[in-house]
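Structure, as structure tokens:
The values are calculated or read from the model by the stated rules, or taken from the named source; none is laboratory data. For clarity, every value in this text was computed on a predicted model and none was experimentally measured. Reconstructed Cβ throughout: ideal geometry from the backbone, glycine too, with neighbour counts over all protein chains shown.
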Amino acid sequence: MSKTKRWYDAVPELRDQIERLKDLNKEKRDKLFDGIKKLESDFDSKLIDRHVLEFPMNLRRRWYDQDPTSWLMINALKYADRPLLQRVIDYLKQKLPE
């Protein structure tokens, strides 16, 4: 785990699933991020619009900062309510290989 505290470290179940995503190949990861995008949109269609200007634009230190889709989906989750976070956690637990 990174020495720098990340916002999702406060949600261990989500942290564990995000950590598992980084080891997938891009195609599989992109499919999962498409699913997360749908969950976010279905739950709160304006989540990204309301918070996109708050997303860190100059950070490039995490694996997901290198890919625009990963960056957008993970940063959007920072502003999600707990019910949406739980849906994403459940989705990833179901879809990620053991």
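For the stretch 49-71, give me each residue that is closer than 18 Å to ARG82 by Cβ and within 15 Å of the chain's Cα centre (by Cα).
Passing the criteria: only HIS51.
For the stretch 57-87: of the residues being part of a loop (DSSP other than H, G, I, E, B) and of a type outside the set (A, V, I, L, M), which is surrounded by the fewest Cβ atoms within 10 Å (Cβ to Cβ)?
Just the residues of the stretch 57-87 that are part of a loop (DSSP other than H, G, I, E, B), to begin with: 57-62, 67, 78-81.
Add one more test, that the residue is of a type outside the set (A, V, I, L, M), and what stays is 58, 60-62, 67, 78-79, 81.
Values: ASN58: 5, ARG60: 9, ARG61: 9, ARG62: 16, ASP67: 15, LYS78: 15, TYR79: 17, ASP81: 11.
That would be ASN58.
Which of the residues spanning the stretch 88-98 are closer than 17 Å to TRP7 by Cβ and outside any helix (DSSP H, G or I)? Talk me through it step by step, then tell me what you get.
Just the residues of the stretch 88-98 that are closer than 17 Å to TRP7 by Cβ, to begin with: 88-89, 92.
Answer for the stretch 88-98, where residues must be closer than 17 Å to TRP7 by Cβ and outside any helix (DSSP H, G or I): there is none.
Based on what the data block shows, is LEU32 buried (at least 16 other Cβ atoms within 10 Å of the Cβ), at pLDDT 95 or above and either in a helix (DSSP H, G or I) or in contact with a Phe, Trp or Tyr (Cβ under 9 Å, 6 or more places away or on another chain) (or both)? Quick ask: steps written out before the conclusion?
Numbers: buried (at least 16 other Cβ atoms within 10 Å of the Cβ): yes; at pLDDT 95 or above: yes; either in a helix (DSSP H, G or I) or in contact with a Phe, Trp or Tyr (Cβ under 9 Å, 6 or more places away or on another chain) (or both): yes.
Yes.
Here is a yes/no grid of residues against (1) among the hydrophobic types (A, V, I, L, M, F, W, C); (2) without any contact (Cβ under 8 Å) to a residue 40 or more places away in the chain; (3) more than 21 Å from ASP90 (Cα to Cα):
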| residue | (1), (2), (3) |
| --- | --- |
| ILE18 | yes, no, no |
| LEU21 | yes, no, no |
| ARG29 | no, no, no |
| ASP34 | no, yes, no |
| ASP42 | no, yes, no |
| LEU47 | yes, yes, no |
| HIS51 | no, yes, yes |
| ASN58 | no, yes, yes |
| ARG61 | no, no, yes |
